[in-house]
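See below for the structure under consideration.
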Amino acid sequence: MTDRPSTPDSKLTLSKRKWAAEGKFLTGRISRPETERLPPGQHLVKNWPVLDLGQQPQISEDSWKLEVRGLVETPLALTWSAFQALEQCSRLSDIHCVTTWSRYDNRWEGVSTRDLLDMVMPKSEANYVMLTSYDGYTTNLPLSDFAVEDAILATAWEGQPLTRDHGGPMRLVVPHLYFWKSAKWLNRIELISADKAGFWEKNGYHMYGDPWREQRYSDD
Ligand SMILES: Nc1nc2c(c(=O)[nH]1)N[C@H]1C(S)=C(S)[C@@H](COP(=O)(O)O)O[C@H]1N2
Ligand SMILES: [Mo]
């Protein structure tokens, strides 16, 4: 690393420094050449299809909670107002669903996963996250993928509050993986050491799910 100015930065936490030292985010998966924008086997749609297990939980802002636990220094349980009080950010990204539709240029607003991780400070043994949602859905991904710059805990889409059918009041968006990793109605983020299969991963889908490598099914 070259010299960086030593300006005070409250966000430059232990975990961030550790990841930087390990080069954890240098996956090269974020900036793709334009010609590779549409992954193999995908087609573009202009609408936004709804896909889930068929139960769309209704969570009032009063009862809503986000728990972050497991291998972290500071476990968190955030209320809706505490979550709203966190630094808000905006991301523009594409959606790639394993059922072969892709949708370009979705504008999300919410809290970046990195900012959330800065608050809890992952322990060095934390390598994966298991996400659990209000409909009982679970999905797993590596911590370094959860923590990419593009990933966001989204509460708004195209300037409007995220609707219930798309996971409102809050869903995860991890644009470089198939969309089943982007848990709707997210309730719990657990940092774990070893990978563990979530709902679709137990049902024949890939543990990682990279659209550009067409990692759709577990035997790929
Ligand atoms: N909680 C929850 N999250 C979920 C799902 C689900 O059934 N429950 N389905 C996943 C799948 S398979 C896809 S393709 C996307 C669909 O999101 P959308 O309905 O907003 O398009 O959500 C993902 N997140
Ligand atoms: Mo899906």
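The values are calculated or read from the model by the stated rules, or taken from the named source; none is laboratory data. Predicted model, so just to flag it, every value in this text is computed and none were measured. Here the Cβ is made from the backbone with ideal geometry for all residues, glycine too, and neighbour counts use every protein chain on show. Calculation scope for accessible area: heavy atoms of the full protein, side chains included, ligands and nucleic acids excluded. Shrake-Rupley method; radii C 1.70, N 1.55, O 1.52, S 1.80 Å.
General observations
- Test: residue in segment 145-162 that is among the hydroxyl-bearing types (Ser, Thr, Tyr) and not in a strand (DSSP E or B): no
- Contacts under 6 angstrom Cβ, first residue in segment 183-211 being acidic (Asp, Glu), partner part of a loop (DSSP other than H, G, I, E, B) and open to solvent by 30 Å² or more (accessible area, probe 1.4 Å), 6 or more apart: Glu201/Met207
- Odd one out for Asn47, checked against (1) within 16 Å of ligand 1 (Cβ to nearest atom); (2) over 26 Å from Asp210 (Cβ atoms); (3) assigned to a loop (DSSP other than H, G, I, E, B): (2)
- Within segment 111-131, considering residues that are over 25 Å from Ile59 (Cα atoms) and hydrophobic (A, V, I, L, M, F, W, C), the one least open to solvent (accessible area, probe 1.4 Å): Ala126
- The single condition among (1) open to solvent by less than 40 Å² (accessible area, probe 1.4 Å); (2) within 15 Å of ligand 1 (Cβ to nearest atom) that Leu78 does not meet is (2).
- Selection count where residues are within 11 Å of the chain's Cα centre (by Cα) and at positive phi, scope segment 168-220: 0
- Flag for Leu116 being in a helix (DSSP H, G or I) and away from ligand 1 (no atom under 12 Å from the Cβ): yes
- Within segment 163-220, the set of residues being open to solvent by 60 Å² or more (accessible area, probe 1.4 Å), under 20 Å from Leu66 (Cβ atoms) and within 13 Å of ligand 2 (Cβ to nearest atom) comprises Phe199 only.
- When segment 132-146 is filtered for residues that are within 8 Å of ligand 1 (Cβ to nearest atom) and open to solvent by less than 20 Å² (accessible area, probe 1.4 Å), the ones remaining, listed by number, are Ser133, Thr139.
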